[in-house]
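As C-alpha cells, the structure follows; a few thoughts come after it.
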Amino acid sequence: MAYPSIDRRRLLAAAALGREAGVPGPDPGSGDPLHAITGTIIDISPHLVTIERPDGRESRLIIAPWATVWHGGEVAPADLPVGATVIMRALHERKVVERIWADIARVTGTIVSVEGRKDLTVELHGGPHRGPRTVVIPYRATGRLQVRHPQLEPGYLFDAIGIRQDGTTLALLPATSQPTYPARAVPPPPPAYAGVQPRISGTATWSDAFDEEERGLAYPMMERSDAACPDAGVSCAGLPYLALGSLLQVRNACTDRTANLPIVACGCVAGRFCDRCVECGTSERGRIVELSPSSYVELGGELVKGCFNVQIGLG
C-alpha cells in the first residue's frame, strides 16, 4: 500500500526544514513493548501455535493461559483452523501470545450499491488509491449492523469489522456509528488551524489495506498532487497539511503507549468520518490517523473495538 521511497522523502523533508529526521518505532518510555506478529497457522494447540511468516520463516509461540482469540467471535485457541491468517499480540520478546485475531477484516468506504433481501451484498468505494470492495452482511448480522448503520444507501459511509471466509469478506460488527451525512457532505473543520498546538487530539482507527507487517499510517490532510489522491485534504478536524513520509508521534491516550510512525498513504476515506471514539472517555471529533494493523496492535489497540482516543504531534 505504501508509496515508494517513503524513508527517503522523510529524510529529505527533515533536511529541508532543518530539523532532526526522527526515528520510527515505539517510544522506549511506553513500558514493555508489545509486538504484532502476522502469519498463517501451520499447527495450533491449546498452548502452542506455529505460523508461517510472510517472509517464509516459521515461528512457534506460547499461548498465554489468559489469551483471548477472535474468529468472528470468541473461540478457544485450538478451534482455529490450520490455514487461518492471524495477527497476534505478543509479549516477552515475541515469545508469549496474549491476543489472536484470525482472518479479521475491516471494510471502510462509501456505499455504491446494496443488493439482496436476507444476506446483503454491499459494494463500496474505498477511495481512488484503494478502489472498489465487496462485502456480504449475513442475515444474522444485519440487525446489529443496521442499528448503527441505518442508511444502507448509495452515497453514505460504511465501516464494519468481520472475517474473510472462502474468498468472501463477511461484515459482522459495526466499527462505528454511521455518520448522518453523505460522504460528500463532510462538516467543515473548526476556524483556521493556527499551527501552534503541539499535539492534536482525535480518533485513531485501523485498516487492513496496508501491506502485511507494515508499520505506518494514513493521514487525511495531504496535498492532492503529492499524494496522487484527488480526494485528499478533507477532514472535519483542524489538521495541518503534511507530506508523505512525515513522521508523526502517535500516542494512544487509553494505554499511554507512544510510537513514531511515518505517513505512508493518503487517508481520504478516514477524513470523511466526523465521529468520536469512546474507548476511554470521548475523543475530539474526527479521525485523524488510520493505522496499519501492526501499528495499531503495538500501541495497545484492540482490533475488534476498532478505535482508540489518540494524540498526535510531529515525530
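The values are calculated or read from the model by the stated rules, or taken from the named source; none is laboratory data. These numbers were taken from a predicted model, which means no experiment stands behind them. Ideal geometry is used to build each Cβ from the backbone, glycine not excepted, and the neighbour counts take in all protein chains shown. Accessible surface is based on the protein model in full, side chains and every heavy atom, while ligands, DNA and RNA are left aside. Shrake-Rupley method; radii C 1.70, N 1.55, O 1.52, S 1.80 Å.
How big is the C-alpha Rg of segment 206-315 next to the rule-of-thumb value 2.2 N^0.38 Å, as a ratio?
Details: Rg = 12.7 Å, N = 110, 2.2 N^0.38 = 13.1 Å.
So the Cα radius of gyration is 0.97 times the expected 2.2 N^0.38 Å.
Give, as a single signed number, the net charge of other residues whose beta carbon lies under 14 Å from the beta carbon of Thr142, with Lys and Arg counted +1 and Asp and Glu -1. Show your work: numbers first, answer last.
Working: positive: Arg117, Lys118, Arg140, Arg144, Arg148; negative: Glu115, Asp119.
Its environment carries a net charge of +3.
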So the carbon and sulfur contribution to the accessible area of the chain, 1.4 Å probe, in percent, is 51
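Report the FRET efficiency, 1/(1 + (r/R0)^6), for His92 and Glu223, where r is their Cβ-Cβ distance and R0 is 45 Å, rounded to 0.05. Walk me through the numbers on the way to the answer.
Values: r = 43 Å, r/R0 = 0.95.
After rounding to 0.05, the efficiency reads 0.55.
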Quick one: accessible area per residue over the chain, 1.4 Å probe, rounded to a whole number of Å²? 45
Give me the number: length gained by fully extending Asp256 to Glu153, i.e. 0.36 nm times residue separation minus the C-alpha to C-alpha distance, one decimal in nm. 33.2 nm
With the alpha-carbon atoms as the only input, what is the per residue convex hull volume for the chain in Å³? 135
Most fluctuating residue of Ala90, Ala160, Ala78 in a GNM of the chain with Cα springs under 10 Å: which is it? Ala78
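Treating only the Cβ atoms of Lys and Arg (+1) and Asp and Glu (-1) as charged, compute the dipole magnitude of the chain about its Cα centre; round to the nearest 20 debye. Write out the running numbers ahead of the final one.
Details: 31 positive and 34 negative charges, 128 e Å.
Computed charge dipole of the chain: roughly 620 debye.
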Disulfide-incompatible cysteines by the Cβ rule (no partner under 4.7 Å) in the chain: Cys268
Figure the gain on full extension for Ala243 and Ser177 (residue separation times 0.36 nm, minus the Cα-Cα span) and round it to one decimal in nm. 20.8 nm
Inter-site label distance for Ser45 and Ala64 at 7 Å from Cα along Cβ, in nm: 2.1
